[in-house]
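Undergrad: Sharing a structure with you now.
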Amino acid sequence: MPIACLLVPHLALACELADQPHLARERVALADVDRTRVIDCTSEAARYGVRAGQPLRAALALCPGLVVLEERPARAARAAETLAETMSEVSPV
């Protein structure tokens, strides 16, 4: 019986960038709903020192021109659910 495992790094950020593909190669940070912390960032933003868990103010100070997107937990949850449903066709677990 085949079993599959699916790991999608940066799922929430990927969802936001899928809705705004023109930002894919930009310095982008995904902020929590309170806009106080960085949840994730693009590799371009990481080159400036932006990191997950960092206060958003610190990220903005480190990275000129940082584009901040607000997390939409429901959007990422829908994407994860769709992926899980698709994977259930391949794997019973």
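The values are calculated or read from the model by the stated rules, or taken from the named source; none is laboratory data. Model, not experiment: these values are computed from the prediction. Positions of Cβ are generated from backbone atoms using ideal geometry, with glycine treated the same way; all protein chains shown enter the neighbour counts. For accessibility, only protein heavy atoms count, side chains too; no ligands or nucleic acids. Shrake-Rupley method; radii C 1.70, N 1.55, O 1.52, S 1.80 Å.
Undergrad: Does Glu81 count as charged (D, E, K, R) and farther than 17 Å from Pro9 by Cβ?
TA: Yes.
Undergrad: So which residues in the range 20-49 are closer than 22 Å to Glu81 by Cβ and under 12 Å from the mean Cα position of the chain (by Cα), if there are any at all?
TA: Matches in the range 20-49: Leu30, Asp32, Ile39, Asp40.
Undergrad: Tell me, please, whether a residue that is exposed (fewer than 11 other Cβ atoms within 10 Å of the Cβ) and touching a strand residue (DSSP E or B) at 6+ places or on another chain (Cβ under 8 Å) can be found in the range 75-92.
TA: No: zero hits.
Undergrad: Residues of the range 14-51 being touching a helix residue (DSSP H, G or I) at 6+ places or on another chain (Cβ under 9 Å) and closer than 30 Å to Val90 by Cβ, which ones?
TA: Hits for the range 14-51 are Ala14, Cys15, Glu16, Leu17, Ala18, Asp19, Ala24, Leu30, Ile39, Asp40, Thr42.
Undergrad: Right, next: How many residues, within the range 22-67, are aliphatic (A, V, I, L, M), open to solvent by less than 40 Å² (accessible area, probe 1.4 Å) and touching a Phe, Trp or Tyr at 6+ places or on another chain (Cβ under 9 Å)?
TA: So the answer is 2.
Matching residues to (1) part of a helix (DSSP H, G or I); (2) modelled with pLDDT under 95; (3) of a type outside the set (Val, Ile, Thr):
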site	(1), (2), (3)
Leu7	no, yes, yes
Ala18	yes, yes, yes
Ile39	no, no, no
Ala45	yes, no, yes
Gly49	no, no, yes
Gly53	no, no, yes
Ala59	yes, no, yes
Ala76	yes, yes, yes
Ala80	yes, yes, yes
